[in-house]
Amino acid sequence: MDNFAGHSLNFETERLGLRPFEDTDFDLALPFYEDTDFLLVMEGQLPEESITGEYLRRAGEAMTEQGFLFAIVEKSSGRTNGEVCLQWMNLDRAKIANEKTMRIPIGIWDKALWGKGYGKEVVRCLMAFAFEELGIDRLCAMDVSAGNFRSVKLWRSCGMKVYRRMDNGNTLDFEITRMRYESMNHAQRA
C-alpha cells in the first residue's frame, strides 16, 4: 500500500487505530462521499463539482501538504472507516499572529458508526499529540453546521467552544486553547 500521507505516525485509542492515509483509501472513501446525507455532514453543502476519486485525491493532497492525514481503522474488525487530518490552519479568519494553530477535519464514513464515540476518541488522541508534542497554541474545528447536532456535540465534548458564528449563526467555528486544554487535563488528573 502506498503511504499517500507522507508521514509515518501511528496512534491507537481504545477501539481505533490511526495510520497514515494510503492511496487505496480513496477507493474505500468514494462510495461514502457519493451519499448525499454524508456529503452534507462533511461539506455543509453539496460541492459544485462531482465527487470523484480525483476530487478526493486533490483534497487529500492539500491536507497532506498542510499537516498529517490519517485513516481511521476499527481495531476489532480491521476495517478502515474514516479519515482525519491534523492540519496547520489554512483559513485566514482563524490565523493569529505568533500562534501555532491547527484545525482537525474528521469524517467517519459509515453512518452506522455515527454516535458511537469514535470521533471523540480520535479527536482527543490527536488533540493530545498537537498540544503536547507539536506545542500548538490553539486547535480549531471549522465550518461546522449549527444543525449538525452530532458534530456540535463532539466538539463540545472535547472541550471546544464556539468562537465564531457565520451565516446568521448557521455555521460555527470551534476552538480550544492551550490554556483550556491544560486546565481540562489538570482537572481530570486531580
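If you scan the stretch 152-190, which residues turn out to be in a helix (DSSP H, G or I) and in contact with a helix residue (DSSP H, G or I) (Cβ under 7 Å, 6 or more places away or on another chain)? Within the stretch 152-190, 154, 157, 178, 181 qualify. Note on the stretch 29-50: residues that are modelled with pLDDT of 80 or more, out of contact with any helix residue (DSSP H, G or I) (no Cβ under 8 Å at 6 or more places or on another chain) and acidic (Asp, Glu) total 2.
Just wondering, is there one or more residues in the stretch 84-99 that are under 25 Å from residue 24 (Cβ atoms) and β-branched (Val, Ile, Thr)? Yes, the stretch 84-99 contains a residue that is under 25 Å from residue 24 (Cβ atoms) and β-branched (Val, Ile, Thr). From the residues in the stretch 25-56 that are closer than 20 Å to residue 6 by Cβ and touching a residue at least 40 places away in the same chain (Cβ under 8 Å), which one is surrounded by the fewest Cβ atoms within 10 Å (Cβ to Cβ)? Looking at the filtered set, the residue picked out is 28. When the residues of the stretch 85-132 are filtered to those that are among the charged types (D, E, K, R), in a helix (DSSP H, G or I) and free of Cβ contacts under 8 Å to residues at least 40 places away in the same chain, which remaining residue is surrounded by the most Cβ atoms within 10 Å (Cβ to Cβ)? Here the answer is 120.
Looking across the stretch 74-105, the residues that are under 19 Å from residue 42 (Cβ atoms) and in contact with a Gly (Cβ under 6 Å, 6 or more places away or on another chain) come down to 82, 83, 85, 86, 87.
Residues checked against (1) assigned to a strand (DSSP E or B); (2) in contact with a strand residue (DSSP E or B) (Cβ under 8 Å, 6 or more places away or on another chain); (3) within 23 Å of residue 151 (Cα to Cα); (4) not polar (S, T, N, Q):
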{"site": "5", "(1), (2), (3), (4)": "no, yes, no, yes"}
{"site": "9", "(1), (2), (3), (4)": "no, yes, no, yes"}
{"site": "18", "(1), (2), (3), (4)": "yes, yes, yes, yes"}
{"site": "28", "(1), (2), (3), (4)": "no, yes, yes, yes"}
{"site": "31", "(1), (2), (3), (4)": "no, no, yes, yes"}
{"site": "39", "(1), (2), (3), (4)": "no, no, yes, yes"}
{"site": "42", "(1), (2), (3), (4)": "no, yes, yes, yes"}
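With the checklist (1) under 28 Å from residue 149 (Cβ atoms); (2) touching a helix residue (DSSP H, G or I) at 6+ places or on another chain (Cβ under 9 Å) in hand, flag the one item residue 57 doesn't pass. Unmet for residue 57, out of (1) under 28 Å from residue 149 (Cβ atoms); (2) touching a helix residue (DSSP H, G or I) at 6+ places or on another chain (Cβ under 9 Å): (1). Pull up the stretch 54-100, narrow it to residues that are at pLDDT 95 or above and β-branched (Val, Ile, Thr), then point me to the one that is nearest to residue 15 (Cα to Cα). Among them, the one singled out is 73. Starting from residues that are free of Cβ contacts under 8 Å to residues at least 60 places away in the same chain and in contact with a Ser or Thr (Cβ under 6 Å, 6 or more places away or on another chain), keep the ones in the stretch 1-22 and report whichever is nearest to residue 66 (Cα to Cα). Per the stated criteria, the residue is 6.
The values are calculated or read from the model by the stated rules, or taken from the named source; none is laboratory data. Treat the numbers as computed from the prediction; the structure is a model and nothing was measured. Cβ atoms come from the backbone with ideal geometry, glycine included; neighbour counts cover every protein chain shown.
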